[in-house]
Amino acid sequence: MKFLVLALAFSTSVLAAPATGLFIKEGRRLLEVKKLINDGADIQAEYGFDKFCYKGSADATLVQILRFKREGNFFSGGGGGHVLLGGRVNRGIVTYDIALRFEDEVVPGEFQNVLVKPCR
C-alpha cells in the first residue's frame, strides 16, 4: 500500500513539473518561447532580449535554441533585427548560464551578447 501511495505521489509530481526550455519572464509569469514561436509571435519585436530565462537543463535548452535557429525562427525582426550566431553554456559553481551571440542584420559586424540565466 505504501508503494502505491509513493508511486502515485511521484507520478503526480512529475506531471506537475514545469516545462524545460527557454522562457520569457513577464512580471511573475513565464511565457514559453516554443509556444510563442508556434503561435507566430515576433519575439524580438514584442519582448526583446533582456527577458529570457530557462528552466531545466542548460544544455538541452541550448540545443532547443539552436534548433529554433535552424528552423529560421530565432531571431530576426522585420525591418532589421538580430541574427543568432551561436551560443554556449557557461558552467559556474552555483548555476549555469547560456551565453548567446547575435549580429545586427542592418549593420554587419555589430554584435550583441545576451546572457540567459535560470528562471527564478
(message) Filter the stretch 20-77 down to the residues that are over 18 Å from N113 (Cα atoms), more than 9 Å from the chain's Cα centre (by Cα) and among the basic types (K, R) and list them by number.
(response) K25, R28, R29, K35, R67, R70
(message) Please count how many residues of the stretch 86-111 are modelled with pLDDT under 90, under 17 Å from the mean Cα position of the chain (by Cα) and either outside any loop (DSSP other than H, G, I, E, B) or among the hydrophobic types (A, V, I, L, M, F, W, C) (or both).
(response) 1
(request) Would you point out which residue out of L22, L62 is crowded, with 17+ Cβ neighbours inside 10 Å, touching a helix residue (DSSP H, G or I) at 6+ places or on another chain (Cβ under 9 Å) and at pLDDT 75 or above? (result) L22
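When the stretch 39-57 is examined, which residues are found to be of a type outside the set (A, V, I, L, M, F, W, C), part of a loop (DSSP other than H, G, I, E, B) and more than 16 Å from R88 (Cα to Cα)? Spell out the reasoning first.
Narrowing the stretch 39-57 to residues of a type outside the set (A, V, I, L, M, F, W, C): 39-40, 42, 44, 46-48, 50-51, 54-57.
Imposing the further condition that a residue be part of a loop (DSSP other than H, G, I, E, B) reduces the set to 39-40, 42, 48, 50-51, 56-57.
Those that are of a type outside the set (A, V, I, L, M, F, W, C), part of a loop (DSSP other than H, G, I, E, B) and more than 16 Å from R88 (Cα to Cα): D39, G40, D42, G48, D50, K51.
Any chance you could count how many residues in the stretch 77-120 are among the polar types (S, T, N, Q) and touching a His at 6+ places or on another chain (Cβ under 7 Å)? Spell out how you get there, then give the answer.
Our first condition is that a residue be among the polar types (S, T, N, Q); within the stretch 77-120, this holds for 90, 95, 112-113.
From what's left, touching a His at 6+ places or on another chain (Cβ under 7 Å): 112.
Total meeting the criteria: 1.
Being surrounded by fewer than 12 Cβ atoms within 10 Å (Cβ to Cβ) and hydrophobic (A, V, I, L, M, F, W, C) is the requirement here; does V116 meet it? Talk me through it step by step, then tell me what you get.
Details: surrounded by fewer than 12 Cβ atoms within 10 Å (Cβ to Cβ): no; hydrophobic (A, V, I, L, M, F, W, C): yes.
For V116, the condition - surrounded by fewer than 12 Cβ atoms within 10 Å (Cβ to Cβ) and hydrophobic (A, V, I, L, M, F, W, C) - is not met.
The rows are residues; the columns are (1) without any contact (Cβ under 8 Å) to a residue 24 or more places away in the chain; (2) buried (at least 18 other Cβ atoms within 10 Å of the Cβ); (3) among the small types (G, A, S); (4) more than 19 Å from E110 (Cα to Cα).
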| residue | (1), (2), (3), (4) |
| --- | --- |
| K34 | no, no, no, yes |
| K51 | no, no, no, yes |
| Y54 | no, yes, no, yes |
| H82 | no, yes, no, no |
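The values are calculated or read from the model by the stated rules, or taken from the named source; none is laboratory data. Remember, it's a predicted structure, so these values are computed and weren't measured experimentally. A quick note on method: Cβ atoms are made from the backbone with ideal geometry, for glycine too, and the neighbour counts reach across all protein chains shown.
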